[in-house]
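Q: Sharing a structure with you now.
The values are calculated or read from the model by the stated rules, or taken from the named source; none is laboratory data. Here the structure is a predicted model, which means the values were calculated and not measured. Cβ coordinates were reconstructed from backbone atoms using ideal geometry, including for glycine residues, and neighbour counts include every protein chain displayed.
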Amino acid sequence: MQIRPARPQDQAAIAQIIARPFVLFLCRYGQNKMAEIKIIW
């Protein structure tokens, strides 16, 4: 098996796969924080 540098498309796809869980977590975390702020105010 030959190891070759990833093409830009591959790097973008890998970055999206890696980043998606973090983005979902941040979205949920942000929504929870907004809910807390609404409850406080």
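Q: For region 1-21, enumerate the residues that are under 15 Å from the mean Cα position of the chain (by Cα) and either part of a loop (DSSP other than H, G, I, E, B) or surrounded by fewer than 10 Cβ atoms within 10 Å (Cβ to Cβ) (or both).
A: Within region 1-21, Ile17, Ile18, Pro21 qualify.
Q: Taking only pairs six or more apart or across chains, which ones have beta-carbon atoms under 8 Å, a first residue in region 6-31 that is on the phi < 0 side of the Ramachandran plot and free of Cβ contacts under 8 Å to residues at least 24 places away in the same chain, and a second residue that is surrounded by 10 or more Cβ atoms within 10 Å (Cβ to Cβ) and assigned to a helix (DSSP H, G or I)?
A: Between residues of region 6-31 that are on the phi < 0 side of the Ramachandran plot and free of Cβ contacts under 8 Å to residues at least 24 places away in the same chain and residues that are surrounded by 10 or more Cβ atoms within 10 Å (Cβ to Cβ) and assigned to a helix (DSSP H, G or I), the close pairs are Ala6/Ile14.
Q: Within the bounds of region 23-33, is there any residue that is among the basic types (Lys, Arg), within 9 Å of the chain's Cα centre (by Cα) and modelled with pLDDT of 85 or more?
A: no
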